[in-house]
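Step one of this worksheet: look at the structure below.
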Amino acid sequence: MKNECIDCACVMKSSSTLKNCQLEMLENNHAVVKFRKGDSIIKQGVFSTNVIFLRKGLVKIHITGPYREQIVRLIKAPTYLGLPTTLGDKINQYSVTAVLDSEVCFIDIEVFKRVLEENRDFSSYIIMELSKSELEAYRRCANRTQKQTRGKLADVLLDFSDTIFNSDEFVLPVSQSDIGNWVDAGRESINRVLSEFATDGLIEMTGRNVKIRDKKLLKMISQNG
DNA sequence: ACATTAACCCACA
DNA sequence: TGTGGGTTAATGT
């Protein structure tokens, strides 16, 4: 068989525990697809029979609420996508859109389930991931309702810096109105607070280029709301 | 909400 | 292949 899946992060962190026949099963039932930024990877409301593994890139998960589009989270490779929506319901409960150019691997749900059944380590790894993700969602939920915009925006900037880009200097991958939809604020508040941060010397901003100048203070703002 | 700017597409040379 | 114009989305106030 090709060794695409062995090197592929599809089986990341569990490759050692997957038996050859299981790898082969994945190998014969997957498809690698590239997406340009802005492309839709999963559409809310559509029937789905695939689990998706994000190999490269950055995506946003979002749902259309009663009033507007709500961005739930940004998530970078490598990670599984669409587990809750594919295992929990036949119809996708949310959308996933590429924020940067991305590469994903589609895996048939039945094959995925079979590997889950056959491989304990793999299943517990998946449960761990889902649990972490749920805890993260709870934390964000509390933050979103209780923090003020400056605190939430500080969170976002720190998230970009520490988790997503691992750098104090980065290019905002999403528009300001997207950030607004994400942290539950209007785009003009985002804009206002961003320039406020800039004049206060917390960050430097040219267009979408951001350089973090005072991370300690930013963390303070993040903690104190 | 309005003014300005940047990005994009398309026709045309 | 490059340029002008027109349109739309993003941004700043």
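The values are calculated or read from the model by the stated rules, or taken from the named source; none is laboratory data. These figures come from a predicted structure and were not determined experimentally. In this analysis, Cβ positions are derived from the backbone assuming ideal geometry, glycine residues included, and neighbour counts consider all displayed protein chains. Just the protein is used for accessible areas: all its heavy atoms, side chains included, with ligands, DNA and RNA removed. Shrake-Rupley method; radii C 1.70, N 1.55, O 1.52, S 1.80 Å.
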Whole-percent carbon and sulfur share, accessible surface of region A:92-184, 1.4 Å: 49 percent
Can you give me the Cα centroid spacing of region A:154-215 and region A:117-134 in angstrom? 33 Å
For helix A:120-146, what angle does its Cα long axis make with the longest principal axis of chain A, in degrees from 0 to 90 and rounded to 10? 20 degrees
Packing-wise, with mean Cβ within 10 Å as the measure, how do A:63-70, A:173-180 rank, highest first? A:173-180, A:63-70
Could you size up the charge dipole of chain A around its Cα centre, putting +1 on the beta carbon of Lys and Arg and -1 on that of Asp and Glu, and report it in debye to the nearest 20? 480 debye
Write down the accessible area per residue of chain A in Å², having rolled a 1.4 Å probe over the full set of protein chains. 53 Å²
What's the ranking of A:187-196, A:53-62 by average number of surrounding C-beta atoms within 10 Å, highest first? A:53-62, A:187-196
Quick one: what Rg and Dmax do you get for chain A from the alpha carbons, in Å? 19.1, 59
Could you pull the accessible area for A:Val32 with a 1.4 Å probe, rounded to 10 Å²? 60 Å²
